[in-house]
Amino acid sequence: MRYTCPYCGSRLHPEKDHYFCDFCVMDFSRDQVQMDGRRIQETHQSVDPADLRKSTPELMLYSTWSLILLLKEGRKIRTPLYKEFAYVRSKSRGLRDKEKAEDIAAEFQDITKRMYIIENILKKRLSYVPDKLNVSYLSRYEKRMNNKKTNQKMHTYGQESSRRETD
């Protein structure tokens, strides 16, 4: 078994505390390298609505798929808050209703900002923010993640194969 670059499939050179790819001119830690030309395998964490409270750096470590699912959770939480805020605001009769409206508005603002974070991470990765996260969008995305090309091994090119080509 050979350690190979997760991006180009080239054989890696072991260094003191990392591996180096001559073709990509990059260092890789042990947990980043692949074996025998395998492609990068994205790990998907299960998402929980509580994950919306994580910091931006923590969310940036989530896979794109996990962020899409988390955005869907955020939208599920935000929609009824908006409706509740509009209702309470229209029926406001006193100080207690005003305080309740302010609490809902603060919660709505918080979830909106958290969704903005996720949307902007997704925009940076996908170049767009997914509009409707319905069953058909999610199944199409999942199908693309599982296609043959995405998971097919790369042909590995080591130093010995490039020498043979030049001889």
Revision key, fill the gap. Over all viewing directions the Cα convex hull of the chain casts an average projected area in nm² of 13.7
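Quick one: of 16/148; 123/143; 72/124, which pairs are farther than 24 Å apart, Cα to Cα?
Numbers: 16/148 36 Å; 123/143 20 Å; 72/124 18 Å.
Violating the 24 Å Cα-Cα cut-off are 16/148.
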**Study point:** Accessible area in square angstrom per residue, the chain, 1.4 angstrom probe
**Key:** 71
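Find the relative contact order for the chain and round it to a whole percent, using C-alpha pairs within less than 8 Å whose residues are 6+ positions apart.
On the way: 169 pairs, mean separation 41.1, N = 167.
Once normalised by length, the contact order is 25 percent.
At R0 = 30 Å, how high is the FRET efficiency between residue 60 and residue 139 if r is their beta carbon distance? Nearest 0.05 is fine. Before the final figure, lay out each step's value.
Working: r = 26 Å, r/R0 = 0.86.
Rounded to the nearest 0.05, the efficiency is 0.70.
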Check your understanding: Between 19, 81, 61, whose Cα lies farthest towards the positive end of the dipole of the chain when Lys and Arg beta carbons carry +1 and Asp and Glu beta carbons carry -1, centred on the Cα centre?
Key -> 81
Check your understanding: Can you pull the percent of the stretch 54-96's accessible area that's carbon plus sulfur, 1.4 Å probe, other chains left in place?
Key -> 56
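Given the DSSP H assignment, sum -39500 (n - 2.57) over each helix run of at least 4 residues in the chain and divide by its residue total; what's the result at 222 nm in deg cm²/dmol, nearest 500? Please report the intermediate quantities before stating the final value.
Numbers: 6 runs with 86 residues, N = 167.
One gets -16500 deg cm²/dmol as the mean residue ellipticity at 222 nm.
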Practice item. Only Cα pairs under 8 Å and at least 6 apart count here; give the relative contact order of the stretch 4-45 as a rounded whole percent. Key: 42
Practice item. Compute the length gained on full extension between residue 152 and residue 116: take 0.36 nm times their separation in residues and subtract their Cα-Cα distance, giving the result in nm to one decimal. Key: 9.5 nm
Exercise for review: For residue 132, go through the aspartates and glutamates and keep the ones whose alpha-carbon is under 18 Å away, minus same-chain ones fewer than eight residues off.
Suggested key: 73, 119, 142
Check your understanding: Check residue 26: other-chain or 5+ apart residues with amide H under 5 Å from its amide H, H built from backbone geometry?
Key -> 21
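The values are calculated or read from the model by the stated rules, or taken from the named source; none is laboratory data. This one's a predicted model, so the numbers in the text were calculated from it and none came from an experiment. Neighbour counts run over all protein chains shown; Cβ positions are idealised from the backbone, glycine included. Each accessible area value is taken on the protein alone, full model and side chains, heavy atoms only, with ligands, DNA and RNA left out. Shrake-Rupley method; radii C 1.70, N 1.55, O 1.52, S 1.80 Å.
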